[in-house]
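Student: Can you keep this structure in mind? I'll have questions shortly.
Bear in mind that the values in this text are calculations on the coordinates, not laboratory data. Keep in mind that what you see is a predicted model, and the values were worked out from it rather than measured. Because the Cβ atoms are built from the backbone with ideal geometry, glycine has one as well, and the counts that use them run over all protein chains shown.
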Amino acid sequence: MKRMPSTVVPVILASLLPLLAVAACNKDKADKAAASKVTTAASGDKGNAGKPPTFVMVTKAVHPYYEPCFEGFQAAAAKYGVKAERVDPQKMELPLQVKSIEELIAQHVDGIALSAVDDAGLVAVIADAAKAGIKVITFDAPAPSSSALTYIGTDNQTAGFEAGKKMAELMKGQGKLAILQGGLTATNLNLRTQGFKEALAKLAPDVKVVDVVDTAGDFSVATNKTEATLQAYPDLTALFSVSAEGAPAAAAVLKQQGKAGKILLAGFDDLKDTLEGIKDGSVAFCIVQKTFKMGWLSIEALRDAVAGKPLPKVTDTGVLFVGKDNVAGYMDEMKKEFAGK
Amino acid sequence: MLARVLRRRESAILAALVILIVAIGAAEGNFLSGSNLYLVSRQISFVAIVALGELFVILHGGIDLSVGSIMALAGMVAGYLMKLGVPPPAAVVLGVAAGLVMGAINGALIAYVRIAPFIVTLGMLSFASGVVLGLTKGWPITEIPASFAPLAQGSFLGLPIPVWIMLLLAAVAHLVLTTTAFGRRTYAIGSNEQAAFMSGVEVRRIKFALYMIAAGCASLAGIVLVARFSSAQADTGKGWELDAIAAAVIGGASLSGGAGSVPGVLIGACIMGVIKNGLVLIKVSSYWQTAIIGVVIVLAVILDRARRRG
């Protein structure tokens, strides 16, 4: 009884094989943009002057958000004749991101564009990279304590302020609004909420912010909390989400309760279901970070760094408002911005 | 009848739930409105379905940490099939089947290879959510046919459909645990596995089945959630294992096995759901809600244990 039949282990292992095969096929099919491991094809002789430099984008983890970032990174790399690669840590965790950077140091890449998962925790490894002669910049998420040469990304407080300005305008200066925020400890979200509240206080002092609702970055929590918030504040006139999951979750609730379009809803980020909400009118607008631009400017900054040019400390890539009028073509617009360069 | 109810082991925890409901209702009348109770009951039903499956595993002294990611996997499979044009009923069956495969792997490794449930299901938690991420790259599937939505968005006799699903599953689970040999043996394994084995209980076969039940319930919850949102979300179920385990333990289940009941799980799930909704309604600051939830959970269990000792 205490011994398992000797056939069980092979059977279990065998049953896992098809899954592995599926995973492998899927990886082959995935476009180059999604390649998650650094290819070693041209990494043999980095030091040679004739070889184009290799720049690597290090994300926080696999996420659709990074796809346009990497597209911009690749497009700029193609234009300037440099090599672009991408590494995705398995999880959004500091030790895994540190490990990814250490591996890149060992491979002697020429530059790293990093979406920092942490600040203080990355100081040492970024210093190591610099010592090894690798140029490190941050994009999307900064690491201000580190020696990273520049930060290219959204200024979250400004973005929040812009969003607040737009909401104040659409609310015609009055009404009651609840803010949805995915996690109350995320610095970038706190900055957005802060900027958003500042704009309302300044431009629409009669608008009352009734609550900052913690949606925990989770679709089902956001749904439940939206339902409860609508019960708690029957006279609510607007909802604004500073994180990605809030707007689509709230849109689903409003649609089910027949309140779509009656309660003004908007939020950050262009998830697929948010865009569908904009098309059907349940979401008034979304604020899109210029991810393609972040990737493109990262390559330019890394080239400048390698050439020894000074870099600005921060580049605010700004935001784009997506509403019914430009929902169909905004992504192409963002890319066109750089097509002629 | 009332006396029988009071004698039941769940009476203290039921009292806690009633106190909670009365207190929140007194503070904010809106909480007891029909429309809010409708929404809360639906919110609770999903966690309760997962927790019912988790109960079976906890009863034998095990734990299943992978229920949340199995939910996501089953929902994704069902959602993907519907996107391809597979009729919803078939997609539901195949989605549950995908979840059951994961449950079978859990069960086989735990019952036959004799690896600790904590490790096996922790591995499965990562594996199943990783498969979802690998196949979807984190994108939701929004091409869900409108005909599927009523499974979660519709109602029958005034109650949301997911609540009916929960009640049906709970009734079956209760009968299985209280009237069948399988149920008695599950409790027996949890109380004393050696003794159960010595008296001829097929311990391995039962353990295997228990992890299948947990995975089956989780899969069903994950698929009904797809109907709830009209989309399959890649991050569905994150952290739900803890809510499910908490619901079972609040409801009187012992993590060392052998104790726990279906009514207890339902009450536990209700307590969790009522606090989460109630705190928003009585306008407690979001910044303090999490702390209060922690206090209420522990208080409820203290009340329960005090009554049992007394």
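Student: Taking neighbour Cβ counts within 10 Å as the exposure measure, how do A:Met294, B:Met71 sort from fewest upward?
Tutor: Fewest-to-most ranking of A:Met294, B:Met71: A:Met294, B:Met71.
Student: Using just the C-alpha positions of the stretch B:134-209 as equal point scatterers, what log10 of I(q)/I(0) does the Debye formula give at each q in 0.21 1/Å?
Tutor: Evaluating at q = 0.21 Å⁻¹ gives log10 I(q)/I(0) of -0.89.
Student: Test of understanding: express the Cα radius of gyration of the stretch A:225-341 as a ratio to 2.2 N^0.38 Å, with N the residue count.
Tutor: 1.36
Student: With +1 assigned to the C-beta of every Lys and Arg and -1 to the C-beta of every Asp and Glu, and no other charges, what is the dipole magnitude of the protein assembly as shown about the Cα centre in debye, to the nearest 20?
Tutor: 1300
Student: Taking the simple approach of a point 7 Å from Cα along Cα-to-Cβ for both B:Thr179 and B:Trp164, what is their distance in nm?
Tutor: 2.2
Student: Right, next: Can you pull the semi-axes for the protein assembly as shown, root of five times each eigenvalue of the Cα gyration tensor, sorted largest first, whole Å?
Tutor: Whole-Å semi-axes of the equivalent ellipsoid: 44, 33, 21.
Student: Could you give me the percent of Cα pairs per 5 Å distance bin for the stretch B:245-305, shortest bin first, beginning at zero and ending with the bin that holds the maximum distance?
Tutor: 4, 19, 27, 22, 14, 9, 4, 1
Student: Using amide H atoms built 1.01 Å from N in the peptide plane, name the residues 5+ places from A:Leu265, or on other chains, whose amide H lies under 5 Å from its own.
Tutor: Answer set, sorted by chain and number: A:Leu239, A:Ala284.
Student: Follow-up question, since we're still on this one. Cα extents of chain B along the three principal axes, largest first, in whole Å?
Tutor: 54, 54, 37
Student: Report P(r) for the stretch A:170-280: all Cα-Cα distances, bin width 10 Å, range 0 to the bin holding the largest distance, values in whole percent.
Tutor: Here the calculated profile for the stretch A:170-280 is 15, 51, 32, 2.
Student: Round to the nearest 0.05 the FRET efficiency obtained for B:Ala23 and B:Ala97 when R0 = 51 Å and r is the Cβ-Cβ distance.
Tutor: For R0 = 51 Å, the calculated efficiency reads 0.70.
Student: Anyone know which of B:Ala188, B:Ala248, B:Ala214 comes out most mobile in the 10 Å Cα GNM of chain B?
Tutor: Looking only at B:Ala188, B:Ala248, B:Ala214, the biggest GNM fluctuation is shown by B:Ala188.
Student: Quick one: in the stretch B:1-118, what % of C-alpha pairs are over 23 Å apart?
Tutor: Values: 3782 of 6903 pairs.
Of all Cα-Cα distances in the stretch B:1-118, 55 percent exceed 23 Å.
Student: Hey, got the average number of other protein chain Cβ atoms within 10 angstrom for residues in B:138-149?
Tutor: If you average over the peptide's residues, the count of other-chain Cβ atoms is 3.
Student: If you look at just the Cα atoms of the stretch B:59-172, how large are its Rg and its Dmax in Å?
Tutor: My reading of the Cα-based Rg and Dmax gives 16.0, 47 Å.
Student: Now, a different point. Against the 2.2 N^0.38 Å scaling, with N counting residues, where does the stretch B:190-292 land? I'd like the Cα-based Rg ratio to two decimal places.
Tutor: The value comes to 1.38.
Student: Given only helices, namely DSSP H runs of n ≥ 4 each adding -39500 (n - 2.57), what is the per-residue ellipticity at 222 nm of the protein assembly as shown, to the nearest 500 deg cm²/dmol?
Tutor: Per the formula, -19000 deg cm²/dmol.
Student: Here is a further query. For A:Asp325 and A:Val210, what does the FRET efficiency come to when R0 = 25 Å and r is the distance between their Cβ atoms, rounded to the nearest 0.05?
Tutor: For R0 = 25 Å, the calculated efficiency reads 0.25.
Student: Based on DSSP, what percent of beta bridges with both residues in the protein assembly as shown are antiparallel, to the nearest 5?
Tutor: Close to 15 percent.
Student: Find the Rg to Rh ratio for the stretch A:105-260, where Rh is the Kirkwood radius over alpha-carbon pairs and Rg uses the same atoms. Could the numbers behind the result be given before it?
Tutor: Numbers: Rg = 19.4 Å, Rh = 17.4 Å.
Reported Rg/Rh (Cα atoms, Kirkwood Rh): 1.12.
Student: Past the 13 angstrom mark, what percentage of all C-alpha to C-alpha distances in the stretch A:168-215 do you count?
Tutor: 55
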